[in-house]
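Comments concern the structure below.
The values are calculated or read from the model by the stated rules, or taken from the named source; none is laboratory data. Only a predicted model underlies this, so the values are computations on that prediction, with no experimental measurement involved. So basically every Cβ, Gly included, is an ideal-geometry build from the backbone, and we count neighbours across all protein chains shown.
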Amino acid sequence: MERVWHCGRFELPLSSALVMGIVNVTPDSFSDGGESFEPRSAVERGLKMVADGAAIIDVGGESTRPGSDEVSPAAELARVQPVVAALAHDARVPFSVDTRHASVARAALEAGASIVNDVSGFRDPEMVRVAAESDAGVIIMHMLGEPKTMQAEPSYTDVVDEVGAYLLGRARELEAEGVERERICLDPGIGFGKTLEHNLALLRRLPELAALGYPVLVGASRKSLIGAILGEPDPRRRLEGSLAIAAWAASHGADVVRVHDVNETVRLLRTWRAIEGESA
Ligand code: PMM
């Protein structure tokens, strides 16, 4: 039987890795800060990503880069809602809302989003309620602490075991609260309270996370681990590293790769699949 990820009115096939395109409607994201802060340019960016082969678009109104301050839910919603509504109007693909706030998630779902992407792993019981009352897909991400402090000496005994146990525990709790298993996707949270070695271990041992039995998302695009490996301070110049990680992740159990450079990633994965022998 084909594995699928249930996200509202969409059943996403998981036979090969899906590309999720990132649209940050923020003035200060580390990776594309300000590029699509105007709603119209954010929508255009999203539609271009769909044309380039993105299977999902992730719309975010709050920067969660290390050290960033929290945005008020009202300000976040004002950024996200027009973009989600416009994209949903033309939707051939599902859209996720990248938020930690229940009010933003609820409004985005009403505006047409099909997935809630919570980098705080549905810590807020109200977020769990929003998820349970909807039919949306949910992405549970692991983050150590808060964006403001998460990179202050993160420490684990075994990062892969601990992140895996955390994600499994959160998934079980959401299921107990009424979120069906087939709606849940897990994400180790590359860069969220992790050193370079932690991030590399999570990628190296990705099959262990995939073995938990849920779809797995990996988001490493343009992140600082690539900067550290390549000695490249400019996030916009980390394409090769981003592609290398997307290829590695897709061939080691990731079902979704969250990226800024959709066209390049789709072409990379199409080539990869041609070698593997699946239909390209
Ligand atoms: N990374 C960022 C924001 N949201 N959501 C998920 N599920 N996984 C991630 O790795 C993730 C995320 C930060 O990166 P950005 O500023 O480029 O969006």
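Scanning the stretch 63-95 for residues that are buried (at least 21 other Cβ atoms within 10 Å of the Cβ), in contact (Cβ under 8 Å) with a residue 40 or more places away in the chain and charged (D, E, K, R) yields one hit, Arg79. Checking each residue in the stretch 204-226 for being more than 10 Å from the ligand (Cβ to nearest atom) and either among the charged types (D, E, K, R) or within 15 Å of the chain's Cα centre (by Cα) (or both) picks out Arg204, Arg205, Glu208, Tyr214, Pro215, Val216. When the criteria are applied in full, Ala201 fails the requirement of being away from the ligand (no atom under 13 Å from the Cβ), within 19 Å of Arg123 (Cβ to Cβ) and either in a helix (DSSP H, G or I) or not hydroxyl-bearing (Ser, Thr, Tyr) (or both). Within the stretch 147-183, being closer than 17 Å to Ala132 by Cβ, surrounded by 13 or more Cβ atoms within 10 Å (Cβ to Cβ) and of a type in the set (Lys, Arg) holds for Arg170, Arg183.
Please work out if Tyr156 is among the hydroxyl-bearing types (Ser, Thr, Tyr), assigned to a loop (DSSP other than H, G, I, E, B) and either within 16 Å of the ligand (Cβ to nearest atom) or touching an Asp or Glu at 6+ places or on another chain (Cβ under 6 Å) (or both). For Tyr156, the condition - among the hydroxyl-bearing types (Ser, Thr, Tyr), assigned to a loop (DSSP other than H, G, I, E, B) and either within 16 Å of the ligand (Cβ to nearest atom) or touching an Asp or Glu at 6+ places or on another chain (Cβ under 6 Å) (or both) - is met.
Restricted to the stretch 95-142, the set of strands (runs of 3 or more DSSP E) holding at least 1 residues that are among the acidic types (Asp, Glu) comprises 95-98, 115-118.
Rundown of residues vs (1) within 16 Å of the ligand (Cβ to nearest atom); (2) assigned to a loop (DSSP other than H, G, I, E, B); (3) modelled with pLDDT under 95, yes/no style:
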{"position": "Glu146", "(1), (2), (3)": "yes, yes, yes"}
{"position": "Ala165", "(1), (2), (3)": "no, no, no"}
{"position": "Glu173", "(1), (2), (3)": "no, no, no"}
{"position": "Ala228", "(1), (2), (3)": "yes, no, no"}
{"position": "Pro233", "(1), (2), (3)": "yes, yes, no"}
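Taken over the stretch 202-251, the criterion of being among the acidic types (Asp, Glu) and either surrounded by 24 or more Cβ atoms within 10 Å (Cβ to Cβ) or free of Cβ contacts under 8 Å to residues at least 12 places away in the same chain (or both) is satisfied by Glu232, Asp234, Glu240. Among the conditions (1) within 19 Å of Val119 (Cβ to Cβ); (2) part of a loop (DSSP other than H, G, I, E, B); (3) of a type outside the set (A, V, I, L, M, F, W, C), the only one that Gly213 does not satisfy is (1). Going by what's in this entry, would Ala254 be described as in a loop (DSSP other than H, G, I, E, B) and either closer than 22 Å to Arg205 by Cβ or within 12 Å of the ligand (Cβ to nearest atom) (or both)? When the stated conditions are applied, Ala254 passes them.
Any residue in the stretch 85-108 that is among the charged types (D, E, K, R) and closer than 19 Å to Leu217 by Cβ? Scanning the stretch 85-108 turns up at least one residue that is among the charged types (D, E, K, R) and closer than 19 Å to Leu217 by Cβ.
Could you please let me know if Val97 is within 16 Å of the ligand (Cβ to nearest atom), farther than 30 Å from Val83 by Cα and modelled with pLDDT of 95 or more? Judged against the criteria, Val97 is not a match.
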